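A.B. asks: A single structure is presented below for examination.
The values are calculated or read from the model by the stated rules, or taken from the named source; none is laboratory data. As the structure is a prediction and not an experimental result, all values here were calculated from the model. Cβ placement follows ideal geometry from the backbone for every residue including glycine, while neighbour counts extend to all protein chains displayed. We work out accessible area using only protein heavy atoms, side chains counted, and drop any ligands, DNA or RNA first. Shrake-Rupley method; radii C 1.70, N 1.55, O 1.52, S 1.80 Å.
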Amino acid sequence: MTHRDITDRLAASVAALRFSPPVAYVYNPLEYARAPYDLYWELYGAPPKEVVLLGMNPGPFGMAQTGVPFGAVGRVRGWLGIEAPVGTPPRQHPKRPVLGFGCPREEVSGARLWGWAEERFGTPERFFARFFVANYCPLVFLEETGRNRTPDKLPAAERKALFAACDRALRDTVALLRPRLVVGVGAFAEARARAALAGTGVRIGRISHPSPASPRANRGWSRLVEAELAALGVGREA
């Protein structure tokens, strides 16, 4: 199974789902930002990988704009060398338009994650020789106010259907990339990885999320994540 097969099935599965208030808008970048997403995989998704870093879901100013997980525009264009046409969701919140690579706002989490990767590895090729970055859920959920609503806050029945599709995609992605370790970026991603990959023999770990809402991350996420990866047995050299 190729990344395109996995993505096609996941995109179709989640497109069939419906979500109740307070969710008012749902963005699926696997549909309208498929071109940069496919380019990301084509450039950097060759297996095997040592470590898969797993995020929760797209940020409104990250993957929602660029199609790349943790996809801060400046880092995706400037360090990853990715820029491709991005369409728009069928319904957009007026406060959260999809502007693609013209989005003037930089996602802090993505700037921190890819900034750390550049600082530690220098080139994308060196980073992706060992690592890959993926998201568990491909959808963005927005409330009427424009507030971002994370997947863990959905009602139980909606979570069950969504997680079934996302679990299957994660298992397929891990089978494709063959990592020895899947690291959740934050507690939610770790928990979903443990649930989806139970019995597969893949080790699961966790690092702190680079969100500006985290006081620990704001005190120096790069240093923090280096220590956390070292504790998981991920050294500076392969």
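A.B. asks: Out of the total accessible area of region 140-185 (probe 1.4 Å, heavy atoms of protein only), what percent is carbon and sulfur?
C.D. replies: 52 percent
A.B. asks: If you restrict to DSSP beta bridges whose two residues both lie in the chain, what percentage is antiparallel, to the nearest 5?
C.D. replies: Numbers: 5 of 19 bridges.
Bridges in the chain are about 25 percent antiparallel.
A.B. asks: If you bin every alpha carbon distance in the chain into 5 Å steps from zero, what whole percent lands in each bin?
C.D. replies: Binned Cα distances yield the sequence 1, 7, 15, 20, 22, 19, 12, 5, 1, 0.
A.B. asks: If each residue of separation counts as 0.36 nm, what is the full-extension length gain between A129 and L17 once their alpha-carbon separation is subtracted? Intermediate results must be reported in sequence, preceding the final value.
C.D. replies: Values: separation 112, 0.36 × 112 = 40.32 nm, distance 3.54 nm.
The span from A129 to L17 would gain 36.8 nm if fully extended.
A.B. asks: Over region 110-170, with the other protein chains present, what is the accessible area per residue in square angstrom, probe 1.4 angstrom? Please report the intermediate quantities before stating the final value.
C.D. replies: Numbers: 2330 Å² over 61 residues.
Result: 38 Å² of accessible area for each residue.
A.B. asks: Using only DSSP helix segments of four residues or longer, with each worth -39500 (n - 2.57), what per-residue ellipticity at 222 nm results for the chain after dividing by its residue count and rounding to 500?
C.D. replies: The per-residue figure over the chain is -12500 deg cm²/dmol.
A.B. asks: Once you keep just the Cα pairs under 8 angstrom separated by 6 or more residues, what percentage relative contact order results for the chain?
C.D. replies: For the chain, the relative contact order is 26 percent.
A.B. asks: Of the residues G115, G100, G62, which exhibits the maximal mean-square fluctuation in a Gaussian network model of the chain defined by a 10 Å Cα contact cut-off?
C.D. replies: G115
A.B. asks: Let me ask you something else. Please give me the summed charge of the neighbours of P48: other residues whose Cβ is under 12 Å from its Cβ, Lys and Arg +1, Asp and Glu -1. Walk me through the numbers on the way to the answer.
C.D. replies: Numbers: positive: K49, R130, R178, R180; negative: E50.
That works out to +3.
A.B. asks: OK, next. Taking H placed 1.01 Å from N in the peptide plane, check which residues at least 5 places from G55 or on another chain put their amide H under 5 Å from its amide H.
C.D. replies: Amide H neighbours of G55, under 5 Å, 5+ apart: A134, N135, Y136, V185.
A.B. asks: Take each of the peptides 199-212, 165-178, 125-138, 84-97, average the number of other beta-carbon atoms within 10 Å over its residues, and list them starting from the highest. List each step's numbers first, then the result.
C.D. replies: On the way: 199-212: 17.1, 165-178: 18.9, 125-138: 20.8, 84-97: 14.6.
Highest-to-lowest ranking by the protection proxy: 125-138, 165-178, 199-212, 84-97.
A.B. asks: For region 34-50, what does the Karplus curve 6.51 cos²θ - 1.76 cosθ + 1.60, with θ = phi - 60°, yield as ³J(HN,Hα) per residue in whole Hz, taken in order and with x for Gly and Pro?
C.D. replies: 5, 4, x, 5, 5, 5, 4, 5, 5, 6, 10, x, 5, x, x, 10, 7
A.B. asks: State the extension gain, in nm to one decimal, for the chain segment bounded by E228 and R105, taking 0.36 nm per residue of separation less the distance between their alpha-carbons.
C.D. replies: The span from E228 to R105 would gain 41.4 nm if fully extended.
A.B. asks: Report the gain in length on full extension from A195 to S214: 0.36 nm times residue separation, minus Cα-Cα distance, nm rounded to one decimal.
C.D. replies: 4.4 nm
A.B. asks: Normalized C-alpha radius of gyration of region 98-238, against 2.2 N^0.38 Å?
C.D. replies: So region 98-238 has a normalised radius of gyration of 1.12.
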